[in-house]
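Participant: Handing you a structure now.
None of the figures in this text is laboratory data; all of them are computed from the coordinates on show. What you are looking at is a predicted structure, and each value in this text was computed from that prediction instead of being measured.
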Amino acid sequence: MTQVKMTVNGKPASGEVEGRTLLVHFLRDDLELTGTHVGCDTSQCGACVVHVNGNAVKACTMFAVEADGAEVETIEGQAAPDGTLSTIQQAFQDHHGLQCGFCTPGMVMSAAALLKENPKPSEAEVRHYLDGNICRCTGYHNIVKAIMAASGQEVSALAAE
């Protein structure tokens, strides 16, 4: 067993893990932050996206020991301390960017990384950035619309697919 320490959503976190423990399992099982989902275990669906030292990472592809000493942000850290939704979360709600909600944490975390990198992305850039996230319910249109709205852009002209 190896001791790991990291900052998760601005708070110190630590635990003992086996070397093979994935970050997603450490977050869910040890820290009880269950918003980060395990969707495929093969790095294809994006349901497990978190931020590690400011970069979007699929937590099913990273060992917890690799995050030792890192700053980790999960979906639970996106809302304000009083529970007020972040701009991106509110846009997902306002523009119906979710249905079952399983992919939503990963989509929100990916959207946050995109908007940090590119504050005013085009529709094509949003769609390209979300290429590693799978949604089986929405058809992506409202997710793209929500991300565009969160960036402060007008979305009424976006054509339905």
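Participant: Of the labelled options (1) 20.1, 60; (2) 15.9, 50; (3) 15.8, 54, which one gives Rg and Dmax of the Cα atoms in Å as computed for this structure?
Facilitator: From the options (1) 20.1, 60; (2) 15.9, 50; (3) 15.8, 54, the structure gives (3).
Participant: Something else now. Output wanted: per-residue J couplings in Hz (rounded whole) for the stretch 90-102, from phi through Karplus 6.51 cos²θ - 1.76 cosθ + 1.60, θ = phi - 60°, x for Gly and Pro.
Facilitator: Once θ is set to phi - 60°, the couplings for the stretch 90-102 become 5, 5, 4, 5, 5, 10, 6, x, 8, 10, 6, x, 5 Hz.
Participant: Under the rule of at least 5 residues apart or a separate chain, name every residue whose amide H is placed under 5 Å from the amide H of G39.
Facilitator: A47, C48
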